[in-house]
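J.: Here it is, the structure, as structure tokens.
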Amino acid sequence: MIGAKEIETAERLLRIVVGDGMDVQGQFKHYRVDRIAYDKFHQEMMSIVIRRAQQTRVPVHGELVPILNTIIAHHFLVGVVCGIQESKVHL
């Protein structure tokens, strides 16, 4: 199970990899994330956001798209790092 401690560790590790900035490309490269698989995941997440916005009749402003992209990428990377840490515990 991923708890607050695991998320905190993942956040710290992500900062160590590329510093305080959000260098998603550097983190993807370091953790060997398959970009094609991630792009499919990202596309699905964005389609859920857009679909939900349409259902509620709330427009997704263009200014929000880069923010959503960053949030999705960051949460994905936190999950990757948590998964790596979890697999090391079970070895």
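The values are calculated or read from the model by the stated rules, or taken from the named source; none is laboratory data. Owing to the predicted nature of the structure, the values given are computational and were not obtained by experimental measurement. Positions of Cβ are backbone-derived with ideal geometry, glycine not excepted, and every protein chain shown enters the neighbour counts.
J.: So residue 88 ticks every box in (1) surrounded by 11 or more Cβ atoms within 10 Å (Cβ to Cβ); (2) at pLDDT below 95 but one. Which box is left unticked?
T.: (1)
J.: Answer yes or no as to whether residue 53 is closer than 26 Å to residue 87 by Cα, modelled with pLDDT of 90 or more and among the small types (Gly, Ala, Ser). Talk me through it step by step, then tell me what you get.
T.: Values: closer than 26 Å to residue 87 by Cα: no; modelled with pLDDT of 90 or more: yes; among the small types (Gly, Ala, Ser): yes.
Judged against the criteria, residue 53 is not a match.
Here is a yes/no grid of residues against (1) within 23 Å of residue 13 (Cβ to Cβ); (2) under 11 Å from the mean Cα position of the chain (by Cα):
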{"site": "56", "(1), (2)": "no, no"}
{"site": "59", "(1), (2)": "no, no"}
{"site": "65", "(1), (2)": "no, no"}
{"site": "68", "(1), (2)": "no, yes"}
{"site": "80", "(1), (2)": "yes, yes"}
{"site": "85", "(1), (2)": "yes, no"}
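J.: Pull up the stretch 1-12, narrow it to residues that are of a type in the set (A, V, I, L, M, F, W, C) and within 14 Å of the chain's Cα centre (by Cα), then point me to the one that is surrounded by the fewest Cβ atoms within 10 Å (Cβ to Cβ). Let's see the steps before the verdict.
T.: Applying the first criterion (of a type in the set (A, V, I, L, M, F, W, C)) to the stretch 1-12 yields 1-2, 4, 7, 10.
Within this subset, residues satisfying the condition of being within 14 Å of the chain's Cα centre (by Cα) are 7, 10.
Values: 7: 15, 10: 20.
The residue in question is 7.
J.: Given (1) surrounded by 14 or more Cβ atoms within 10 Å (Cβ to Cβ); (2) free of Cβ contacts under 8 Å to residues at least 24 places away in the same chain; (3) touching a helix residue (DSSP H, G or I) at 6+ places or on another chain (Cβ under 8 Å), identify the lone condition not met by residue 53.
T.: So the condition that residue 53 fails would be (3).
J.: Residue 73: over 22 Å from residue 5 (Cα atoms) and surrounded by 14 or more Cβ atoms within 10 Å (Cβ to Cβ), yes or no?
T.: On the way: over 22 Å from residue 5 (Cα atoms): no; surrounded by 14 or more Cβ atoms within 10 Å (Cβ to Cβ): yes.
No.
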